[in-house]
Every structure is written in C-alpha cells, then in structure tokens.
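Below: the structure, in structure tokens.
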Amino acid sequence: MRGLRVLGVGMLAAGLLFPTAAAGAESKPEAIDRIVREAKRDEHLRAVIVRVTRGDKVVTTRAYGTSLDGIRATKRMRFRNGAVAFAYVSTLLLKYVDQGKVSLDDTIDEWLPDLPNADRVTLKMLANQTTGYPDYERDPAFELAFEKDPFHEWTYKERLKIAFSKPVLFEPGTNWSYSHTNFMLLGRILAKVGRAPLATLLKREVLTPLGLKATVANQTSEIPAPVLHAFSSERRGYLDLPATTQFYEESTHWSMAWGTPVGATQTTDIFDLARSARLIGTGKLLSKKSYRAMTKSRLIGFGQREDNCTPSCFTQSVGYNYGLGIVRSGEWMLQNPLLGGYAATMAYLPKKDVAIAVAVTFDQKAFDADGNYPNASDGIFREIGALMAPKDAPPVRR
C-alpha cells in the first residue's frame, strides 16, 4: 500500500529552497511543454495531463503519453482525485457555517457522541487534522487487507473499527497528524447536518455551483469514460517478490473508497481540476471570514513528531501547512493526492491568479524495488509554478 500515502508531501518538512524559472526565449506554453516532457522522461511517467490558466486565459492544456498500450492519453480522460475531495468537503462545512447551521467550534458529541474525546474534538479540528484520532490507513491490518484485495469496497463501519482499535495519538488540539479518519468523520457529520447523503449535498452545494461537470462521486470502482488507466507495482511487497522479478499490474479499478468520506469518492478531469484550484482558491462559494478560515496559514510552527504517529505528525512549515481541507505551500494553495497508481495536483496562487492542474500515471520504472513511488505531479506543478510566478515560486525539497 506504499503508493497510497496521500500525505506525499512530508518532504516539505525538511529544508526548502525556492526555484527560479528557466531562462531563455521560450513562450510559456513552450516552456511548460519542455518541463512536462523532461519530467515524463526522467520520472518514468506513462501519461501526463496538464492545464494552466492565468485569470480567464488558458495558458496551455495538453495530454502526453498513453492511457493503455496503443491508446494515447487525451485531455478529456477521467482520473481519481483522492484528497481533492477534502477541499470540497471543507467548502460544504464552511457554507454551513456561513448559513448558521454549525460553528467551527462545535464539538462533535452532538452527532457522534460515542467517539473518544467527542466533547472536546471540534469540527475545525477534524478539518485541520488536529484531533489526535488515529489514521486507519496506517494500521498494518488495514494495509494487509487492502493489498490482499484492492477491489474491496471499504465501509464506514469497517474503517471506524480499525481506526479506534488503537488509542488516540494525542489530546485534541495539541499536535497535528494527517488522518483520513478525520475527514471520514466530518463527511458523516455533514450528512447529518444536511439531512441527505453526502454525495447529494456535495453535488448540490459545491460541485454544481462551481460549474464542475466531470466531477462525480461513486462508491464503486467505476470511472466514467473516457478513462485514464493506471498501473502500479506497489503490491510487490505483499506478494513477496524479489527485486529481480518484474511486477506491474493495472490498478484503474481498485476500490478507492477507503480514503475519502462515504459519498466523496470521486473521479474528475483536468478541466474541473484546474477550475477547482481557482474557484476554491478564490473562495467563490464562501464569505470572506470563512475563506480566511480555510486558507490562512495559522499552523506554521505548530506540531511535533511523536513516536506513536511518525511520519504523519510533524511541525508545520512555510513549505507545508494545513488550512481547512487545503494545503498551503509558500503562497500557493493546493491538494496533491497519490493513490493506486494515480497522482494529481491542483494548485492556485492568489497573487497572480494562476491555476495549475496536473495528473499523471506511472511506467514500471517509476517504482522502486519495494513498490514505492513519488508524487511526480507535485514536482511538475512546482516547476511550472516557478515558471509562471518566479517571485512566488513554490518551495521544493533541497
């Protein structure tokens, strides 16, 4: 389950530098084309789809490589968006705050009274990852079960049981640790508040108002056509294969219902991903107060590593700090999921009104002998970000 680490950005907890854009007389589309082609070659990528906008102007939209052998990737192909859904869930939460239905400081015992510390954990803590609740996705039993059957559709009850088979990691609000459990619970609560399934609420309150036409939820493994297919080597450890044995399997229809709230397991395309980056990044659906709550860097310097939650707990930095359902990296706001052979990044720079969306799949050489692989979409975004806004370039690892 090595590639399922949606965190994928702990690299930014280390030393940082800010890149400068490449010199030369290239136009922006030409330079982006060069960046993508070099990354595709160097990172062993099967397909890359990219879209960059500045304001209402499209800088570029292109697809590279193949979806399946002999079938080229296209701009309209659909892929899994993973933790991008967290931004939509947080937007729904903040819309309910604006409507006076809930407060960020409401404790969750009103809806989930049987959970540990329910009278002290708040809605805000769920959205900014400070509850102390264990992440079921990091439980060895969950990892083993997933790698044994990646097609299993994980239910809320199954994930809840695994998460709370372990003690809480820390007292509410005293540390930071990335946990899929938090958003699973938040989705459950919002369904109770809205008195409808979460998928219905997200479509009505967030996806449709944002004008997202290709973003749909499905708890099964279905992806609407046209499909960007994905492949992975991450189960080689479970299968106990020696490093000399080649292993590469299609992962397109693995169940991804494990990582997001029930009703927020979604697929999308590059157009919706770029549009989401900009409209979430500008707070289109929110009051100014709620927009600031979602996007302001409030946790820089907060959090510390502890033995019971490493590597998901660490000190928030300029390079990586969490808002409410979105990540801040320098002046950029983003989400960058990595799951089941898919990687994607949506990012937005308010200063320049620049939105960047990247989706990638991987060739066999992208995976190491243990089945690990990096989020190459994040690296491509950072290079393009440095090109588009050299004075506000996204931080990168030294």
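Just want the answer: with Cβ charges of +1 for Lys and Arg and -1 for Asp and Glu, which residue in Trp254, Ser221, Leu338 is farthest toward the dipole's positive end in segment 220-368?
About the Cα centre, the residue reaching furthest to the positive side is Leu338.
Considering the chain as a Gaussian network with a 10 Å cut-off on Cα pairs, which listed residue, Asn182, Asn218, Asn321, attains the greatest mean-square fluctuation?
Maximum among the listed residues: Asn218.
In whole Å, how far is the Cα centre of segment 37-92 from that of segment 217-252?
18
Gain in length, Ala225 to Asp139, computed as 0.36 nm per residue apart minus the alpha-carbon separation, to one decimal in nm? Display every interim value, and only then the final one.
Numbers: separation 86, 0.36 × 86 = 30.96 nm, distance 3.37 nm.
Stretched out fully, the Ala225 to Asp139 stretch lengthens by 27.6 nm.
Asn218 versus Ser27, label points 7 Å from Cα toward the beta carbon: distance in nm?
3.7
Across segment 49-58, in residue order, what do the Karplus-derived ³J(HN,Hα) couplings come to in whole Hz, using 6.51 cos²θ - 1.76 cosθ + 1.60 with θ = phi - 60° and x for Gly and Pro?
10, 9, 9, 10, 10, 10, x, 8, 8, 8
Compute the length gained on full extension between Leu239 and Lys157: take 0.36 nm times their separation in residues and subtract their Cα-Cα distance, giving the result in nm to one decimal. Walk me through the numbers on the way to the answer.
On the way: separation 82, 0.36 × 82 = 29.52 nm, distance 2.76 nm.
Between Leu239 and Lys157, full extension yields 26.8 nm more.
Only four residue types carry charge here, +1 at the Cβ of Lys and Arg and -1 at the Cβ of Asp and Glu. Report the dipole size of segment 308-398 about the Cα centre in Debye, rounded to the nearest 20.
Numbers: 8 positive and 8 negative charges, 59 e Å.
So the magnitude is around 280 debye.
Go through segment 69-162 and name the trypsin sites (Lys or Arg not before Pro) that are in a DSSP coil and have 16 or fewer other Cβ atoms within 10 Å of their Cβ.
Working: sites: Arg72, Lys75, Arg76, Arg78, Arg80, Lys95, Lys101, Arg120, Lys124, Arg138, Lys148, Lys157, Arg159, Lys161; in loops: Lys75, Arg76, Lys101, Arg120.
Of the trypsin sites (Lys or Arg not before Pro), the ones in loops of segment 69-162 whose Cβ has at most 16 other Cβ atoms within 10 Å are Lys75, Arg76, Lys101, Arg120.
Using the Karplus curve 6.51 cos²θ - 1.76 cosθ + 1.60 with θ = phi - 60°, work out ³J(HN,Hα) for each residue of segment 288-296 in order, rounded to whole Hz, and write x for Gly and Pro.
So the Karplus estimates, Gly and Pro as x, are 4, 5, 5, 4, 5, 4, 6, 10, 6 Hz.
Put +1 on the Cβ of every Lys and Arg and -1 on every Asp and Glu Cβ in the chain; which of Val396, Ser67, Ala293 then has its Cα farthest towards the positive end of the dipole?
Ranked along the dipole, the leading option is Ala293.
Taking the Cα centre as origin and putting +1 on Lys and Arg beta-carbons and -1 on Asp and Glu beta-carbons, what dipole magnitude results for segment 192-304, to the nearest 20 debye? It would help to have the intermediate numbers written out before the result.
Details: 15 positive and 8 negative charges, 229 e Å.
Dipole size: approximately 1100 debye.
Pick from Ser103, Ser67, Ser90 the residue whose mean-square fluctuation is largest in a GNM of the chain, springs joining Cα atoms under 10 Å.
Ser103
Just from its helices, what would the mean residue ellipticity at 222 nm be for the chain, if runs of 4 or more DSSP H residues each count -39500 (n - 2.57) and the sum is divided by every residue, rounded to the nearest 500 deg cm²/dmol? It would help to have the intermediate numbers written out before the result.
Numbers: 10 runs with 106 residues, N = 398.
Helices in the chain give a 222 nm mean residue ellipticity of -8000 deg cm²/dmol.
Mind telling me which of Thr295, Thr245, Thr345 comes out most flexible in a GNM of the chain, alpha-carbon contacts under 10 Å?
Thr245
Would you mind checking segment 348-382 for residues with the amide N under 20 Å from a putative spin-label position 7 Å along Cα→C-beta of Thr282?
Of the residues in segment 348-382, 348-358 have backbone N under 20 Å from the label point off Thr282.
Normalised by the empirical 2.2 N^0.38 Å for globular proteins, what value does the Cα Rg of segment 112-160 take? It would help to have the intermediate numbers written out before the result.
Details: Rg = 13.3 Å, N = 49, 2.2 N^0.38 = 9.7 Å.
In units of the 2.2 N^0.38 Å rule of thumb, it is 1.38.
Tell me, what HN-Hα J-couplings in whole Hz come from the Karplus equation 6.51 cos²θ - 1.76 cosθ + 1.60 at θ = phi - 60° for each residue of segment 139-146, using x for Gly and Pro?
So the J values, rounded to whole Hz, are 6, x, 5, 5, 4, 5, 5, 5.
With labels modelled as points extended 7 Å from the Cα through the Cβ direction, what inter-label distance (nm, one decimal) is found for Lys296 paired with Ala118?
Each label point lies 7 Å from its Cα, and together they span 3.1 nm.
Mind giving me the nanometre distance, one decimal, between the label points for Val58 and Asp106, set 7 Å out from Cα along Cα→Cβ?
It works out to 4.1 nm between the two label points.
Please label the shape of segment 135-212 as rounded, prolate or oblate, based on the square roots a ≥ b ≥ c of the eigenvalues of the alpha-carbon gyration tensor (a/c under 1.5 means rounded; beyond that, a/b larger than b/c means prolate, else oblate). Don't jump to the answer; show the numbers that get you there.
Details: a/c = 2.28, a/b = 1.44, b/c = 1.59.
Verdict is oblate for segment 135-212.
Sorting Arg195, Arg275 on the 10 Å Cβ count, fewest up front, what's the list? Each step should come with its number before you reach the end.
Working: Arg195 8, Arg275 24.
If I rank by nearby Cβ atoms, fewest first, I get Arg195, Arg275.
Treating only the Cβ of Lys, Arg, Asp and Glu as charged (+1, +1, -1, -1), what charge dipole size does the chain show about its Cα centre? Round to the nearest 20 debye. Intermediate results must be reported in sequence, preceding the final value.
Values: 52 positive and 42 negative charges, 310 e Å.
Here the chain has a charge dipole of around 1500 debye.
The numbers here are math on the coordinates, done by the rules we state, and not lab data. What you see is a predicted model, and the numbers here were worked out from it, not measured in a lab. Note that we place each Cβ from the backbone using ideal geometry, even for glycine, and neighbour counts take in every protein chain shown.
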